[in-house]
Amino acid sequence: MAATRIDCDIHPAVGGTRTTLLPYLDDHWKEQVVSRAIDGLDLNSYPPNMPFSGRADWRPAQDKPGSGKPGSELAMVQRGAFDQLGSSHAICNVVYGAQAVFDSYMAAGFCKAINDWIAAEWLSKDPRLSASIVVPMQAPDLAVEEIERRAGDNRFVSVLVLAQGETLLGRRHYWPVWQAAEKYKLPVAIHAGSAYRTAPSSIGWPSYRYEYYLAEAQAFQAQILSLIYEGVFGKFPDLKVVLMESGVSWLPAFMWRANKTWRGVRVEVPWVEREPASIIRDHIRVTMQPFDGPPDAAGIADVIEQIGSDKMFLFASDYPHWQFDGDDPMPPHLPASIVSRMCADNPLETFPRLKLAA
């Protein structure tokens, strides 16, 4: 029997609102999508034909209607994620435009359609696949409704939100969402990406995609601080948060600085009763692709030692986005003990519903 290797982040692609999601929308939104010609709401802001988006052998044939996006064909994803990259199971995270729609009712309709589509067209056809519930964070009450609607299906193992939404995720505005996630044993997956409401940096908009891409780490840092200092983990002690495509190597300095500042100003947040770094180790997990660690084994060992936990790391390929050299998405030079934990033990501890998925 093949070894367990759970890929915590792959990306099935929605061909389009009209070509893919239309059968799963209710009558009102079907009419709106057709009459308003709504389509192409993909949140990936780089051009779809850039090599960065996917390897040549991960691209569907261009001569089929609605095809061409890497990740849009189940058979190709199965071959790539399982046969080529060696995973035994994978969690599907659909990053589409529902999170960026201004109309909260439209967003809720699209999220429902995405979740119903992935369940019918992907999860029902391969028991190795699980998925995150896509929710309309534009309206937390509607997000809670979508979580509750899908919570009875154990093939859904987490709740997917974006790193750059409309406001910081620790605010009490969102607490009902975290309460529902904790209730149903669903970790919150914060994925790199934006609803494009505000500038990605604290001092404005960048000129280049390069700047935007590197600024993602700042968004993840801000969300961690918000969740800790607003008291989310004190209120919901069983909640886990997974940072997806956040990078890893910034964590040691960030954890050290968070501890240092907390010691000086913790009178402002008396409900934070222990060092932020220890809260991070207990509640935060990170996917290890794309990996931004040092190029040598000694440097990587230093980063892991400074983070101070072997439970935080989760294997991920980011398929079909080609973020690594060669054919193996496992970052090089990781200690064997870390590799073993991040492929099986850590994902199963982080996503408890994986044990129930069938």
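Some points to look at:
- Of residues in region 203-226 being modelled with pLDDT of 80 or more and over 22 Å from LEU160 (Cα atoms), the one surrounded by the most Cβ atoms within 10 Å (Cβ to Cβ): PRO206
- Residue match in region 145-158 (condition: over 20 Å from SER246 (Cβ atoms), of a type outside the set (D, E, K, R) and assigned to a helix (DSSP H, G or I)): yes
- PRO320 meets the conditions (1) part of a helix (DSSP H, G or I); (2) surrounded by 21 or more Cβ atoms within 10 Å (Cβ to Cβ) in every case but one. The failed one is (1).
- Qualifying helices (runs of 4 or more DSSP H) (wholly inside region 171-287; at least 2 residues being over 15 Å from the mean Cα position of the chain (by Cα), over 28 Å from ASP153 (Cα atoms) and of a type outside the set (Ser, Thr, Tyr)): 209-229, 251-265, 276-283
- Some residue of region 296-313 being touching a Cys at 6+ places or on another chain (Cβ under 9 Å) and either under 17 Å from LYS240 (Cα atoms) or crowded, with 17+ Cβ neighbours inside 10 Å (or both): no
- Restricting attention to region 15-36 and to residues that are farther than 14 Å from GLU121 by Cα and within 24 Å of the chain's Cα centre (by Cα), the residue that is modelled with the highest pLDDT turns out to be LEU25.
- Each residue in region 89-109 was checked for being assigned to a helix (DSSP H, G or I) and either in contact with a strand residue (DSSP E or B) (Cβ under 8 Å, 6 or more places away or on another chain) or surrounded by fewer than 24 Cβ atoms within 10 Å (Cβ to Cβ) (or both), and 8 of them qualify.
- Pairing residues of region 167-187 that are within 14 Å of ALA151 (Cα to Cα) with residues that are of a type in the set (Gly, Ala, Ser) and crowded, with 16+ Cβ neighbours inside 10 Å, at Cβ distances under 7 Å and at least 6 apart in sequence or on separate chains, gives VAL177/ALA143; TYR184/ALA151; LEU186/SER158; PRO187/SER158.
- Looking only at region 133-144, and only at residues there that are assigned to a loop (DSSP other than H, G, I, E, B), of a type in the set (A, V, I, L, M, F, W, C) and in contact with a Leu (Cβ under 8 Å, 6 or more places away or on another chain), the one that is nearest to LYS235 (Cα to Cα): MET137
- Any chance ILE133 is under 25 Å from SER317 (Cα atoms) and under 17 Å from the mean Cα position of the chain (by Cα): yes
- Residue count for region 153-170 under the criterion of being under 16 Å from the mean Cα position of the chain (by Cα), among the polar types (S, T, N, Q) and farther than 15 Å from ASN93 by Cβ: the result is 1.
- Residue list for region 235-262, restricted to those being touching a residue at least 24 places away in the same chain (Cβ under 8 Å) and of a type in the set (S, T, N, Q): SER246, SER249
- Selected residue (only one of ILE118, ILE114, ILE147 is of a type in the set (Val, Ile, Thr) and either free of Cβ contacts under 8 Å to residues at least 24 places away in the same chain or more than 22 Å from PRO70 (Cβ to Cβ) (or both)): ILE147
- Of everything in region 163-173 that is surrounded by fewer than 23 Cβ atoms within 10 Å (Cβ to Cβ) and not small (Gly, Ala, Ser), the residue that is nearest to ILE224 (Cα to Cα) is LEU168.
The values are calculated or read from the model by the stated rules, or taken from the named source; none is laboratory data. Note that the structure is a prediction, hence the values are computed from the model and not measured. No Cβ is skipped: glycine too gets one built from the backbone with ideal geometry, and neighbour counts run over all protein chains shown.
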